[in-house]
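S.K.: Here it is, the structure in full.
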Amino acid sequence: MQDIVKAVHSWMIDAGEQIKESLNREDLLIETKSGRKDLVTEMDKATQDYLIDQIMAYDPAAKILGEENGLDQLADLSGRVFIIDPIDGTMNFVLEKENFCIMIAIYEEGKGRFGFVYNVMKDEFLWGGPEIGVFNNGKEIKAPKNIALSEGLVGLNSPMLIHNRHHETDISDRSLGIRMTGCAGVELIALVKGQRAAYVSHLAPWDYAPGGVLLETLGLKMANISGEPLSLSGRELFVGGTPQAFDELMELMHQ
Ligand code: IPD
Ligand code: CA
Ligand code: CA
């Protein structure tokens, strides 16, 4: 394992242990952000702080784009940038105590070099990048089969299906079924492992960048609703899938 991969992996395992310990606490501070369905807990903030401390000790020149603590904007992607989602699926963390991930992407001069997605309670850790391939708990995984929408499941979020602004009901009809897990990391792991034909959701950079590096390394496709590269700034409609399913989605969503 490359030095940086080994380091990030060990920080995320440590962060996962701290999060697991917090699950028994009854006094965990939980706040809302943009609305009652948008939660942040003290563990989201503490985990991001912990990861940033490790990153800064390792590479003081690194830049951070992180969901919490006012670090959610970055002027540009020059240099080495760590993109952090300390707990992806905070609602699941609070209510289910499972189905959440810790996620980090490392970009260099605007290009995705490494992605790390750790489903903490499932002990499932995927990492990789264009130079090293993709690994699931240390075992290299191959590109999933290039299945069509009609041959697989699609991850969607419930508001999208309810409002049907981009023909989501047609996507549902064409596929073998819709799955809604409430965690982008869980969905992107499933896509990388070949358990989904596609995933569509409104996502922020820290939601899609870590899994996105893994997807693209394995030849899967992702873009915004216009088919353009995702910008890594602000929320966008994320469309990801096998090459076949991706092309079908673009057609269906623009009919
Ligand atoms: C959320 C989850 C969810 C997705 C939301 C994200 P958070 O992340 O990934 O699945 O639908 O758009 O914001 O806020 O729990 O880190
Ligand atoms: Ca997230
Ligand atoms: Ca989060």
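S.K.: Could you give the length gained by full extension between Ser10 and Met56, i.e. 0.36 nm per residue of separation minus their alpha carbon distance, to one decimal place? Spell out each step's value before the answer.
M.R.: Working: separation 46, 0.36 × 46 = 16.56 nm, distance 1.49 nm.
Answer, rounded to one decimal: 15.1 nm.
S.K.: Once you have the Cα-Cα distance between Asp76 and Ile132, take 0.36 nm times their residue separation minus that, and quote the gain in nm to one decimal.
M.R.: Values: separation 56, 0.36 × 56 = 20.16 nm, distance 2.58 nm.
Gain in length upon complete extension: 17.6 nm.
S.K.: So if I place +1 on the C-beta of Lys and Arg and -1 on the C-beta of Asp and Glu, and nothing else carries charge, what would the dipole magnitude of region 122-252 be about its Cα centre? I want it in debye, nearest 20.
M.R.: Values: 11 positive and 16 negative charges, 57 e Å.
Taking the Cα centre of region 122-252 as origin, the dipole is about 280 debye.
S.K.: Please report the equivalent ellipsoid semi-axes of the chain, computed as sqrt(5 x eigenvalue) of the Cα gyration tensor, largest first, in whole Å.
M.R.: Values: eigenvalues 152, 88, 60 Å².
Sorted largest first and rounded, they come to 28, 21, 17 Å.
S.K.: Carbon and sulfur: what percent of region 149-253's accessible surface (1.4 Å probe)? Could you put the intermediate results ahead of the total?
M.R.: Working: 1890 of 3920 Å².
Here it works out to 48 percent.
S.K.: Restricting to DSSP H runs of at least four residues, report the calculated mean residue ellipticity at 222 nm for the chain, -39500 (n - 2.57) per run over all residues, nearest 500 deg cm²/dmol. Could the numbers behind the result be given before it?
M.R.: Numbers: 8 runs with 89 residues, N = 255.
When only DSSP H runs of four or more count, the value is -10500 deg cm²/dmol.
S.K.: Assign one of three labels to region 142-222, namely rounded, prolate or oblate, based on the Cα gyration tensor with a ≥ b ≥ c the square roots of its eigenvalues; rounded applies when a/c is under 1.5, prolate when it is not and a/b is larger than b/c, and oblate otherwise.
M.R.: Details: a/c = 2.07, a/b = 1.24, b/c = 1.67.
Judged from the Cα gyration tensor, region 142-222 comes out oblate (a/c at least 1.5, b/c at or above a/b).
S.K.: I'd like the projected area of region 2-140, averaged over all directions, using the convex hull of its alpha carbons. Report it in nm² with one decimal. Mind showing how you got there, number by number?
M.R.: Details: hull surface 34.0 nm².
The Cα convex hull of region 2-140, projected and averaged over all directions, gives 8.5 nm².
S.K.: Cα axis of helix 42-58 to longest principal axis of the chain: angle in degrees, 0 to 90, nearest 10?
M.R.: 70 degrees
S.K.: Going through the cross-link list Lys145/Lys193; Lys33/Lys111; Lys45/Lys97; Lys111/Lys193; Lys20/Lys45; Lys33/Lys122, which pairs have a Cα-Cα distance over 19 Å in this structure? Working shown, then result.
M.R.: Numbers: Lys145/Lys193 9 Å; Lys33/Lys111 30 Å; Lys45/Lys97 17 Å; Lys111/Lys193 23 Å; Lys20/Lys45 15 Å; Lys33/Lys122 27 Å.
Distance filter (> 19 Å) returns Lys33/Lys111; Lys111/Lys193; Lys33/Lys122.
S.K.: Related question: Comparing Asp38, Asp123, Asp85, which has the greatest mean-square fluctuation in the GNM of the chain with Cα pairs linked when under 10 Å apart?
M.R.: Among Asp38, Asp123, Asp85, the largest GNM mean-square fluctuation belongs to Asp38.
S.K.: Now for a different question. Suppose every Lys and Arg Cβ carries +1 and every Asp and Glu Cβ carries -1, with no other charges. What dipole size does the chain come out with about its Cα centre, to the nearest 20 debye?
M.R.: Details: 23 positive and 39 negative charges, 111 e Å.
I would put it at about 540 debye.
S.K.: With +1 on each Lys and Arg Cβ and -1 on each Asp and Glu Cβ, how big is the dipole of region 1-137 about its Cα centre, in debye rounded to the nearest 20?
M.R.: 240 debye
The values are calculated or read from the model by the stated rules, or taken from the named source; none is laboratory data. All values derive from a computational prediction rather than experimental measurement. Counting neighbours? That spans all protein chains shown, and the Cβs are built from the backbone with ideal geometry, glycine included. Areas reflect the complete protein model, heavy atoms only, side chains present, ligands, DNA and RNA absent. Shrake-Rupley method; radii C 1.70, N 1.55, O 1.52, S 1.80 Å.
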